[in-house]
There are 2 protein chains.
Amino acid sequence: MAPATKAKTEIHTAESCIASVRAVKDALEVLSGRWKLPIILSVSFGTKRFKQISKELNGITDKVLSKELKELEANQLISRTVYDAFPPVVEYAITDHGKSLNKVIAELGTWGAAHRKKIIGR
Amino acid sequence: MAPATKAKTEIHTAESCIASVRAVKDALEVLSGRWKLPIILSVSFGTKRFKQISKELNGITDKVLSKELKELEANQLISRTVYDAFPPVVEYAITDHGKSLNKVIAELGTWGAAHRKKIIGR
DNA sequence: GAAAGTGCTTTCCTAAAGGATAGTACTATC
DNA sequence: GATAGTACTATCCTTTAGGAAAGCACTTTC
């Protein structure tokens, strides 16, 4: 069997492909790493405090969680509210912009579960 | 304003939250890094050769691309076909399993474009 | 007055990601 | 016989991600 030949239509396709690739790369830049999406998901289930998020993510260290929360806040994906009390009380909530990731994350979760079954088998 | 109080219903919510988080983490493990999703997207636009993918991704080095392609093949997300010719001809195509990521990637692209406008402003 | 509780920060360290650069295999073309 | 063409591989190096462990602030509870 011979390799496929270049068709004229591919030129047009290539351009839209490149544009799409760029958009996906933009998204990945903001959402990079193992934790940002899981954090957003956790918070989108309801306003949470630091320790609660930490427990639900299972495995993240305080340092990393703190750093990720800052980045997410900077990108307006979550909001942070401090109450002056002691011991400290800080609440994290999803923003409207963060909510706009709902579909992405839902799809990803669905796919993750399906992939696990297919490849790992359980 | 006082911090929100813990409601009974949150117990139930927390469990489904943790399950969702796990699924998302599973997905992220397979799709980790800056390049895998863009590669899958590129290939899902049509069967491509090494150099073509390289050009469309804009910025990836040969070494990294080669490595990523191997991982994606191992996870059955793309297929690799070698034709014995000189210079070499190798074609990469999306698999059915890879196609199952279409919605995820499309959503991500849409979001990426919107986010760029919102935060970066162009 | 010791201990617990919360949301961090700090220091130190390892592993992995990823980039730069060059090289190879072999044929075809000029 | 130099050069181009393709899909890599190999080496070396820098940067980033991320983890482990401990410390701190200040109040309340025992």
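The values are calculated or read from the model by the stated rules, or taken from the named source; none is laboratory data. Being a predicted model, the structure only gives us computed values, none of them experimental. FYI the Cβ positions are ideal-geometry reconstructions off the backbone, even for glycines, and counts take in every protein chain you see. Ligands, DNA and RNA are stripped out before the accessible areas are found, and what is left, the full protein with its side chains, is counted by its heavy atoms. Shrake-Rupley method; radii C 1.70, N 1.55, O 1.52, S 1.80 Å.
Quick rundown of the values:
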{"read-out": "Helix-only mean residue ellipticity at 222 nm for the protein assembly as shown, each DSSP H run of n ≥ 4 adding -39500 (n - 2.57), per residue, nearest 500", "value": "-18000 deg cm²/dmol"}
{"read-out": "Accessible area of A:Trp35 in the full protein assembly, 1.4 Å probe (Å², nearest 10)", "value": "30"}
{"read-out": "With all protein chains modelled, accessible area of A:Ile18 [1.4 Å, Å²]", "value": "80"}
{"read-out": "Distant-in-sequence amide H partners of A:Arg49 (H built 1.01 Å from N, under 5 Å)", "value": "A:Tyr92"}
{"read-out": "Centre separation in Å (Cα based) which lies between the range B:81-122 and the range A:51-122", "value": "25"}
{"read-out": "Amide proton proximity set for B:Ile78, modelled H, under 5 Å, gap of 5+", "value": "B:Glu73, B:Thr95"}
{"read-out": "Simple Cβ-charge dipole of the range A:35-120, Lys/Arg +1 and Asp/Glu -1, about Cα centre, in debye nearest 20", "value": "400"}
{"read-out": "Accessible area buried between chains B and A, both sides summed, probe 1.4 Å, in Å² to nearest 100", "value": "4800"}
{"read-out": "The range A:35-120 shape via C-alpha gyration tensor axes, a/c threshold 1.5", "value": "prolate"}
{"read-out": "The range A:35-120, accessible area per residue, ligands and nucleic acids excluded (1.4 Å, Å²)", "value": "51"}
{"read-out": "Normalised contact order of chain A, rounded percent, pairs of Cα under 8 Å and 6 or more residues apart", "value": "22"}
{"read-out": "The range A:53-95, relative contact order [Cα under 8 Å, separation at least 6], %", "value": "26"}
{"read-out": "Cα Rg, Dmax, the protein assembly as shown, angstrom units", "value": "20.4, 73"}
{"read-out": "Nitroxide proxy distance, nm - points 7 Å out along Cα→Cβ at B:Lys103 and B:Phe86", "value": "4.9"}
{"read-out": "Above-threshold pairs, the threshold being 23 Å between Cα atoms, out of A:Lys63/B:Lys117; A:Lys25/B:Lys103; B:Lys55/B:Lys118; B:Lys51/B:Lys118; A:Lys70/B:Lys36; A:Lys63/B:Lys103", "value": "A:Lys63/B:Lys117; B:Lys55/B:Lys118; B:Lys51/B:Lys118; A:Lys70/B:Lys36; A:Lys63/B:Lys103"}
